[in-house]
Structures are given as C-alpha cells and as structure tokens.
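FYI, it's all coordinate maths here, none of it is from the lab. Here the structure is a predicted model, which means the values were calculated and not measured. Every residue, glycine among them, receives a Cβ derived from its backbone with ideal geometry; neighbour counts consider all protein chains shown.
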Amino acid sequence: MAKPSYSVEDFGVTKYGEKAKKFTLNGAGGVVMEVSDYGGKIVKLFTPDRDGAMKDVVVGFDDPSGWDDGDPYWGSIIGRYGNRIAAGRFTLNGVEYRLPALNNAPGGVGCNLHGGARGWDAYVWCAEPFVSGDDVGVTFTHVSPDGDEGFPGRVEVKVTYTLTAANVWRVEYEAVPDRDTPINMTQHVYFNFKGESGGTIEDHVMTIDADCVTPTDKGQIPTGEIRPVDGTPFDFRRGMRIGERINEPDEQLEFGKGYDHNWVLNKKEGFGRAAALYCPLNGRTLEVWTTEPCIQVYTANWASYDQKAKGGEHLSFRCGVALETQHAPDSPNRPEWPTTFVKAGETYRSTTEFRFGAK
Ligand code: BGC
C-alpha cells in the first residue's frame with residue numbers, strides 16, 4: 001500500500017477577487033482526487049477499472065473557466081439549502097422568508113435552487129489539507145453571513161473530504177447557525193465511469209435502495225405524495241441500466257427530461273446504503289452510503305451541451321449522473337417530512353461515503 005500524500009497548486013481561477021487553489025490527494029488505496037477550494041469542486045477523480053487501469057471518472061473541464069458558478073453545479077459542495085424550495089418562500093418561527101426564485105423548469109413558477117443566486121458552491125473556501133494515518137484529505141471552512149441569499153442566520157460551516165486506504169471518499173458536513181435556519185447540504189459531482197468523452201451514462205447499472213419517490217409538479221416541486229416505485233421506471237431496487245426505461249412515456253420523466261427526482265431511502269435512521277453504480281464495460285463500481293434520508297438522482301438532463309468538456313469534446317446529453325444525498329426537496333414547506341430546520345447554536349451534521357471499487 002502506498003503512503004497517502006497531497007500536493008497544492010494554483011487552480012487557474014480567480015473568483016470574486018479570490019485566487020482558487022487545487023489539491024491533489026493521493027489515496028493509499030490508489031484513488032487520486034483533484035479538488036479545488038473553489039466550492040470544494042471535484043476536478044478529477046481517478047479510480048481503477050477491473051484490470052487496474054486508472055481513469056478520471058467525473059465530468060468536468062480542462063479549461064478552468066469551465067467550472068463556473070451556478071447551474072449545473074459541476075462537482076460542487078451545495079448549500080445552504082440543496083435542491084428546491086417552492087417559490088423561494090418558507091415560514092419559520094412565524095416569519096416568512098423570501099429567497100431568490102431563479103430556477104424555472106418549463107411550466108414552473110420559479111423556485112430557489114441549491115442556495116440561490118450565489119450558493120456555497122460559488123465561494124473560495126478556506127482549505128486545510130491533511131494526512132492522518134492512512135487517510136488524506138482537505139477540510140474546507142466557510143462563513144455564510146446572516147441574510148445570505150435571504151436565509152436567516154450566520155452559519156459557520158465545515159466540510160471534510162477524506163480519502164481512505166479502502167478507496168472511500170468520505171464527505172462530512174457540519175454547520176452551526178446563530179439563528180434558526182434551514183440547512184440541507186449535498187455534493188454535486190457527476191460520475192461517468194467511462195471517463196472523458198465517455199458519452200452518456202445510460203449504460204451504467206444503477207441500484208437505489210428505495211421503495212418510494214417523491215413525485216413533483218411540472219416545476220419540479222414535490223407534490224407531497226410519497227409514491228411506491230413498484231412497477232414504474234423508478235424501480236431501481238434490483239439494479240437496472242439507467243437508460244432501460246428513461247425514455248418511456250411517463251409524466252415524471254417528462255417533467256425531469258429523465259431522472260431528476262428524490263427517492264426516499266429504505267434505510268432507517270443512521271448510516272446506510274443509498275445507491276450503487278456499476279459500469280459493465282470496465283467493471284468500475286460505486287456504493288453511496290449516507291446518514292441522509294433521501295437521494296436526488298440527476299442524469300444531467302438540463303446541462304448546456306455546447307460547453308466543451310474534458311478532452312475538448314462537447315458535453316453530451318446525459319453525460320453524467322449525480323447522486324445527491326439530502327433531505328427531501330421543499331422540506332421547509334413540508335412540516336410532515338423530516339425537518340431541515342436547524343436551531344440556533346445546534347450543529348447540523350451529515351456524512352456521505354462514496355466507496356469505489358471494480359469487479
Ligand atoms: C437538480 C436539477 C438541476 C441540477 C443542476 C439537480 O440537483 O435536481 O434539476 O438541473 O441539480 O442544477
């Protein structure tokens with residue numbers, strides 16, 4: 001086993017006057033990650049295939065300017081509130097808060113998405129790389145002021161990426177607000193196990209450990225229903241090629257232009273498996289484990305396909321899949337669902353592991 005190590009270089013991006021850095025993390029198990037302090041973006045992630053050949057398996061750009069802030073949030077940390085809040089409004093402690101409602105699916109009325117106009121993905125965070133035993137990682141910290149993007153409360157937030165000798169990438173989130181506020185953090189990396197210019201992920205076999213999804217209206221806001229996946233294109237419980245049913249005539253698939261939905265995980269409280277991904281072509285595997293109750297699976301249906309990705313080719317439709325562990329979208333307006341409100345002085349905590357392998 002190799003010794004874990006890291007190196008630091010300039011990322012070549014200056015955002016809002018701040019120069020971003022890039023950290024290369026060499027894991028003891030062989031996985032190598034390049035991550036930036038600009039939104040904690042995963043720039044490259046090399047994992048072995050079944051013959052041990054390494055390939056970068058995350059969608060992204062050679063030109064640093066490709067990693068721009070905002071949609072579609074390539075590789076980023078997402079906060080303060082990942083996913084959608086209907087009409088950008090919620091009420092907390094009797095006060096109605098109004099947030100930017102800039103995201104607009106065709107037929108929708110606008111909603112708050114991934115923290116607003118400038119979410120936590122679009123900041124250069126403080127970053128401390130570390131080696132600890134067989135682990136290597138980076139700790140990112142950021143302070144979001146009271147009123148940031150319309151949300152109440154100043155939040156001190158810390159996200160730790162750890163790469164272990166077992167080729168696990170662990171993401172630990174911690175955030176402490178000084179007023180009650182909603183917090184729902186996630187990671188928005190898009191995987192494609194065929195690597196750059198790999199085309200679509202429709203041939204990847206995905207498993208989602210969930211009996212139910214939360215269907216949405218045409219603005220992609222949950223209707224409140226918790227719908228069994230049984231007999232629908234959303235049934236990934238036994239593993240299915242992503243492309244197997246993605247083009248079936250189905251109202252939900254039309255609203256999302258494919259999969260862009262929240263599954264309610266079967267696991268009970270605590271840490272458990274959420275999903276798995278497998279590329280039959282090269283054997284690469286991934287398991288996603290989390291403390292979160294739900295997962296948004298998004299098959300890059302809305303990306304801008306004229307953008308040039310790694311290798312100089314244009315991004316292709318459905319070029320990646322994001323497996324975003326989270327609380328359900330619009331939870332601030334769904335008191336009957338597990339709450340995303342964090343009380344002043346309390347610590348929000350969430351952990352997700354991406355476990356890489358090959359078979
Ligand atoms: C959302 C998509 C959105 C994408 C990029 C996903 O989490 O569910 O609807 O297009 O992020 O912004």
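When peptides 211-218, 302-309 are sorted by average Cβ neighbour count within 10 Å, with the highest value leading, the order is 211-218, 302-309.
Applying the Karplus relation 6.51 cos²θ - 1.76 cosθ + 1.60 with θ = phi - 60° to the range 158-173 yields 3J(HN,Hα) values of 9, 10, 10, 9, 10, 10, 9, 5, 8, 6, 9, 9, 9, 10, 10, 10 Hz, where x marks Gly and Pro. Taken as Cα centroids, the range 147-194 and the range 246-296 sit 19 Å apart, rounded to the nearest whole angstrom.
Straight-line reach from K268: taking Cα to Cα under 14 Å and skipping same-chain neighbours fewer than 8 places apart, the aspartates and glutamates in range are D209, D211, E292. Neighbour counting of Cβ atoms within 10 Å sorts the residues R154, R318, R50, fewest neighbours leading, into R50, R154, R318. With the convex hull of the Cα atoms taken as the outline of the range 5-358, the averaged projected area works out to 16.2 nm².
Of L45, L281, L163, L92, the sequence from fewest to most neighbouring Cβ atoms within 10 angstrom is L281, L92, L45, L163. Taking 25 Å as the straight-line reach from the Cα of K310, the lysines in range (excluding those fewer than 8 positions away in the same chain) are K15, K19, K21, K22, K41, K44, K55, K194, K257. Using C-alpha pairs under 8 Å with a sequence gap of at least 6, the mean separation divided by the residue count of the range 5-358 gives a relative contact order of 19 percent.
In which sequence would E313, E196 go, from the one with the fewest C-beta neighbours within 10 Å to the one with the most? Walk me through the numbers on the way to the answer.
On the way: E313 13, E196 20.
The order, fewest Cβ neighbours first, is E313, E196.
Within the listed set P182, P48, P152, the Gaussian network model of the chain (springs between alpha-carbon atoms below 10 Å) gives the highest mean-square fluctuation for P152.
Projecting the Cα atoms of T291, V264, L253 onto the charge dipole of the range 250-309 (Cβ charges, centred on the Cα centre) puts T291 farthest toward the positive pole. The lysines within cross-link reach of K343, meaning a Cα-to-Cα straight distance under 20 Å and a gap of 8 or more places when in the same chain, are K158. Working from label points 7 Å from Cα in the Cα-to-Cβ sense, the S132 to E9 distance is 2.7 nm.
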